[in-house]
Amino acid sequence: MKLALVRTASNQLRFGSYNIQEIGLAKSVLKFGVSTDIYARFSNLVDEIIVEEQEGAKVIIKPLKGKRVFKEIMYYPDLKNQLCDGGYNIVQLLDESQMMLPFLFKALKKNGVKTILWQGMYRDFSGKIAKLMQFVYDRLFANTINKYADLKIAKTQDAADYLKKKGYDYAHVLAVGLNHVKSEFDKKLIEEVEVFKRTHPKLLFYIGAIERRRDIPFLLSVLKELKEEGYGLVLVGSGPENSLVDQMIKDEGLIKDVLRYKNIANNKIANIFPYIQCLVLPTRYEIYGMVILEALANGVTVVATPEAGPCTILESKELGSCAPLNKIQWIDAIRFYEDNFISKESRTKRIKHVDNIYNWEVIGNEYYQDYLSSLIF
């Protein structure tokens, strides 16, 4: 069987970074003899590359080269021919809001290729122009995608409900797995965190993009209220709001209370988790939240906003809490984990929970048996 996983969005992936979901999904079905080509934009790849091979089945990345039509709208001139002539049994395309999808679904159906809509998006784009474009797009093309996509798979129930509201047929919900990264010991990093913890015994941890979607100023306002109680923040990340966040740290007198890193290698992040009370993720939109899985896989609880990914993953208080961007509610949630679910047994339960449910091998079995096989055999 030959499968294509296609991401036509404008955002670029970086090969070598952890938790590229297409790679995890592709590797999970190698054992069934499924070869997968992954089409997406990559910031550090120009030519195709073989990621893994197993008894003749391969996972290959084919970097997309496209043209920007308008802001986030991309057009890939060669993609239709690549997919229709690539010998694929099944092509899976990500997110119904992408402009090329109606055209691609229709062309693939005409060429006898089975198709899957893979949905992560669970809310319309924000902004007046974007919402208007989404409305027009849905009116023109939602029925086309619904008609020509043989199967719909959503990453969360929120995404499935989002499709249902637009009139799409039933969407199955399939979890996303965690790509485990072999940890590398970093003595210098550990020493820095240990020194910081001596003056801040209750450590919060944020890792991710420093951008408007992730409300770091809100997080800093929470820290300002908690710092007298011994709280500190390990803040890892970079992005368009670096200057704003760094200036706020200075202006609010938090320089001694924030251990700031612009970047830490993925294979060294695990060195930090043993010192952390909880991961904090103040986000305004989160399709899944792989960093949440990473924290739980290291035994650490999470406080996040009630978006699709966090609400899906944090299904019990022992795993974490979802609270709206309200300072009082966030402070209460963080304080809760000072004395609750801090035992070694609770940490172990969180680790096992991720291993049992968000395991690519388990997910791959379901994906192949229930979905891929049902389309072909």
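The values are calculated or read from the model by the stated rules, or taken from the named source; none is laboratory data. Being a predicted model, the structure only gives us computed values, none of them experimental. Neighbour counts are summed over all protein chains in view; Cβ atoms, including those assigned to glycine, are modelled from backbone coordinates with ideal geometry.
Against the list (1) under 17 Å from the mean Cα position of the chain (by Cα); (2) more than 20 Å from ARG123 (Cα to Cα); (3) surrounded by fewer than 18 Cβ atoms within 10 Å (Cβ to Cβ), the condition ILE207 fails is (3). With respect to the conditions (1) closer than 22 Å to LEU174 by Cβ; (2) free of Cβ contacts under 8 Å to residues at least 40 places away in the same chain, ALA149 falls short on a single one, namely (2). Of the helices (runs of 4 or more DSSP H) that lie entirely inside region 6-123, those containing 2 or more residues that are closer than 23 Å to MET290 by Cβ and hydrophobic (A, V, I, L, M, F, W, C) span 21-28. When ILE90 is tested against the conditions (1) free of Cβ contacts under 8 Å to residues at least 40 places away in the same chain; (2) surrounded by 17 or more Cβ atoms within 10 Å (Cβ to Cβ), the lone failure is (1).
Within region 32-44, residues that are in the same structural domain as ASN89 (by TED's automatic domain parsing) and farther than 11 Å from ARG7 by Cα have Cβ atoms under 8 Å from residues that are among the hydroxyl-bearing types (Ser, Thr, Tyr) and assigned to a loop (DSSP other than H, G, I, E, B) in these pairs: ASP37/TYR88, counting only partners at least 6 apart in sequence or on another chain. Restricting region 42-74 to residues that are loosely packed, with under 13 Cβ neighbours inside 10 Å and touching a Phe, Trp or Tyr at 6+ places or on another chain (Cβ under 6 Å), which is modelled with the lowest pLDDT? Here the residue is VAL69. Please work out if SER238 is surrounded by fewer than 16 Cβ atoms within 10 Å (Cβ to Cβ), closer than 29 Å to LYS155 by Cβ and not acidic (Asp, Glu). Against the criterion (surrounded by fewer than 16 Cβ atoms within 10 Å (Cβ to Cβ), closer than 29 Å to LYS155 by Cβ and not acidic (Asp, Glu)), SER238 qualifies.
In region 321-356, the residue that is surrounded by the most Cβ atoms within 10 Å (Cβ to Cβ) out of those that are of a type in the set (Val, Ile, Thr) and over 25 Å from the mean Cα position of the chain (by Cα) is ILE331.
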